[in-house]
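Notes follow the structure.
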Amino acid sequence: MFLTGLALLPAIALVVWIYRQDKVEKEPRGLLWKIFLFGVLSVIPAMILEIILDEVFLVFMDADTLCYVILDNFIGVALIEELCKMKAAKWAAWKHPAFNYKFDAIVYCVTSALGFAAIENVLYCLGGDFGTAVTRALLSVPSHAIDGVIMGYFFGVAKEAELAGDKKRRKRYLKLSVFMPMIEHGIYDSALSLDADWIFVFFFLFVIVVDVWAYKFVKKQSGQDRELSA
């Protein structure tokens, strides 16, 4: 029970933090809980698709090859998870009347990502220990939140394109809302999977740089928030 609570705490804390960064018009809490729940549920299709793709990759290559590590982490994990998290946010919030400011998109996508991260963290911690819970609280959960920040920026541009009647631009930016966080996610997971001394150093430098960037980017987007327009 203690580990479960510890596993949920960082995700909930980050949802509260991103909610408080929305300075212009707070989002309905009921909507945010819905998005969070959809993020939790998105773990199910993600797990199924990850298992299927992993089996496909193993037909063509050995698990200890660099090609497998890169493909599995970028396509078999990152692409699938970011797609599922984006769909969760889109199904829950895209047509909601509260989605009327640019920063709303970041709030929605971060909330969806943290719903996903929360249940994933619980599953990992049930089979782990206190050290696992702390490590994931400091690294994995914030990484999902950062993916949500990246996703949310492009998600918001896509929403504005729809309001302008630009279907081509809408489609392009919805794709980017999955592809761009996939890059960060894939680098993160690949670095954890590779066994080399320099990778350890690269990983922690990467985490620090991305964390600082995400914090500053959220502050900037919050300060420049504006109403979505056609």
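Of all positions in segment 60-76, none carries a residue that is over 22 Å from G186 (Cα atoms) and assigned to a loop (DSSP other than H, G, I, E, B). Only a single criterion out of (1) under 21 Å from A11 (Cα atoms); (2) out of contact with any His (no Cβ under 8 Å at 6 or more places or on another chain); (3) in contact (Cβ under 8 Å) with a residue 40 or more places away in the chain is not satisfied by V212, namely (3). The numbered conditions (1) at pLDDT 90 or above; (2) surrounded by 16 or more Cβ atoms within 10 Å (Cβ to Cβ); (3) among the hydrophobic types (A, V, I, L, M, F, W, C); (4) not in a loop (DSSP other than H, G, I, E, B) are all true for F99 except (4).
Taking segment 159-181 as the range and being part of a helix (DSSP H, G or I), touching a residue at least 40 places away in the same chain (Cβ under 8 Å) and more than 19 Å from I75 (Cα to Cα) as the test, the residues that pass are K159, E160, L163. Against the criterion of being among the small types (G, A, S), buried (at least 21 other Cβ atoms within 10 Å of the Cβ) and either assigned to a helix (DSSP H, G or I) or more than 20 Å from the chain's Cα centre (by Cα) (or both), G30 does not qualify. Under the condition of being among the hydrophobic types (A, V, I, L, M, F, W, C) and touching an Asp or Glu at 6+ places or on another chain (Cβ under 7 Å), which residue from segment 143-198 is surrounded by the most Cβ atoms within 10 Å (Cβ to Cβ)? Among those that are among the hydrophobic types (A, V, I, L, M, F, W, C) and touching an Asp or Glu at 6+ places or on another chain (Cβ under 7 Å), it is M151. Using the structure shown, decide if E184 is part of a helix (DSSP H, G or I), among the acidic types (D, E), modelled with pLDDT under 95 and out of contact with any Gly (no Cβ under 7 Å at 6 or more places or on another chain). No; evaluated as a whole, the condition is false for this residue. Can you find a residue in segment 63-77 that is closer than 14 Å to F116 by Cα and crowded, with 18+ Cβ neighbours inside 10 Å? Within segment 63-77, one or more residues are closer than 14 Å to F116 by Cα and crowded, with 18+ Cβ neighbours inside 10 Å.
The values are calculated or read from the model by the stated rules, or taken from the named source; none is laboratory data. All values derive from a computational prediction rather than experimental measurement. Note: ideal-geometry Cβ built from the backbone for every residue, glycine included; neighbour counts use all protein chains shown.
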